Amino acid sequence: MSLKLYFLRHGETTSSQTGTYCGRLDIELTPSGVEMAEDFAQTYQDIPWKAVYCSPLKRAITTAKPLCERVGINMELRNGLKEIYYGEWEGKTPDQVNQEFHDDYVRWLADPGWNSPNGGEKGIDIARRSSEVLEEIEKTHITGNVLVVSHKATLRIILCSLLGIDVGRYRDRIGMSVAALSIVEIAQHGPLVHVMSDHSHLRTELRQRYGT
C-alpha cells in the first residue's frame, strides 16, 4: 500500500462568487460552501483516513470540520497551506487591480511563479512553504489516505510541483473551482494522478452551478 493524498479546495465563499482576490482575508464559507463541506464528508467518511492537514484560515477549517467530526480525527493546521498573500490586491477584483497596478499585474499574469502581487507572494514562495508540509506528511505517513484542505492557488502550485509542471504556469494548466478534489498517489515511480478537480461528491444543484 502506498500514500494517497486527497487535495480538497475549500467550499464557496463570497469572494469566490465575485472573483475578488481573497488571499489571507479570513472569510467564512457561504451557506452553499457549508453544504459542500457536508457533501464531501458524507461521500468520503468511510475511507480509512490517516490524517487531515489543513490551512488555518476559517474557510478551510470549516470545510475540513464535517469530515473530521464524522471520523473522529483532529485536523493538523499548517501555515504552509495558507492561500497566496495578494498584498495590496486583496479584496479587489481583477479589473480593479488592472487599473491600479497595470504594469505589475501584466508581469504577474505572464509569470506568477517569479512575479508577485504588490506586497504579496511569488508562486515559488508558495511552492517552497507548501513543500515543507508535503515532506512532513510523507515522513509521517508512509502509507494510507491523507486529506489536505487548502486554497485555489496553493493547491494548483502543489499539484504543479508534484507533477513536474513549471510553477509559473499554475494559472494556465490546472483548473480548481470551489470544493474540487484531486487525488495523487505517491507511487513507486513518483506521483500518480487518479482524480483531478472532481466535483462528483457534491449534490446535483451545486455540481450544476460549477459546470460539472
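Brief remarks on what is shown
- If you filter segment 75-86 down to residues that are buried (at least 18 other Cβ atoms within 10 Å of the Cβ) and in a helix (DSSP H, G or I), you find that the one that is nearest to the chain's Cα centre (by Cα) is L81.
Yes/no per residue for (1) over 16 Å from T154 (Cβ atoms); (2) in a helix (DSSP H, G or I); (3) without any contact (Cβ under 8 Å) to a residue 60 or more places away in the chain; (4) touching a Lys or Arg at 6+ places or on another chain (Cβ under 6 Å):
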position: G11; (1), (2), (3), (4): no, no, no, no
position: C22; (1), (2), (3), (4): no, no, no, no
position: S32; (1), (2), (3), (4): yes, yes, no, no
position: E35; (1), (2), (3), (4): yes, yes, no, no
position: F40; (1), (2), (3), (4): yes, yes, no, no
position: I47; (1), (2), (3), (4): yes, no, no, no
position: I73; (1), (2), (3), (4): yes, no, yes, no
position: E88; (1), (2), (3), (4): yes, yes, yes, no
position: G91; (1), (2), (3), (4): yes, no, no, no
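- Looking across segment 181-199 at every residue that is under 21 Å from V149 (Cα atoms) and free of Cβ contacts under 8 Å to residues at least 60 places away in the same chain, the one that is surrounded by the most Cβ atoms within 10 Å (Cβ to Cβ) is identified as H199.
- Among the residues of segment 49-60, those identified as in a loop (DSSP other than H, G, I, E, B) and surrounded by 17 or more Cβ atoms within 10 Å (Cβ to Cβ) are S55, L57.
- In the set T93, T143, only one residue is of a type in the set (S, T, Y), under 29 Å from D46 (Cβ atoms) and surrounded by fewer than 18 Cβ atoms within 10 Å (Cβ to Cβ); that residue is T143.
- If you go through segment 93-113 and keep only what is in contact (Cβ under 8 Å) with a residue 60 or more places away in the chain and more than 21 Å from R156 (Cα to Cα), you end up with just V97.
- Residues of segment 99-118 satisfying the condition of being exposed (fewer than 15 other Cβ atoms within 10 Å of the Cβ) and in a helix (DSSP H, G or I): Q99, E100, H102, D103, V106, R107, L109, A110
- Residue count for segment 119-140 satisfying the condition of being crowded, with 19+ Cβ neighbours inside 10 Å, without any contact (Cβ under 8 Å) to a residue 60 or more places away in the chain and in contact with a Gly (Cβ under 6 Å, 6 or more places away or on another chain): 2.
- Subset of segment 154-180 that is crowded, with 23+ Cβ neighbours inside 10 Å and not in a loop (DSSP other than H, G, I, E, B) - its residue that is farthest from the chain's Cα centre (by Cα): Y170
- Only one entry in E132, E121 is under 30 Å from V71 (Cα atoms) and either out of contact with any strand residue (DSSP E or B) (no Cβ under 8 Å at 6 or more places or on another chain) or outside any strand (DSSP E or B) (or both), namely E132.
A short reminder: the numbers here are calculations on the coordinates, not readings from a lab. Fair warning: this is a prediction, and the values are worked out from it, not measured in the lab. No Cβ is skipped: glycine too gets one built from the backbone with ideal geometry, and neighbour counts run over all protein chains shown.
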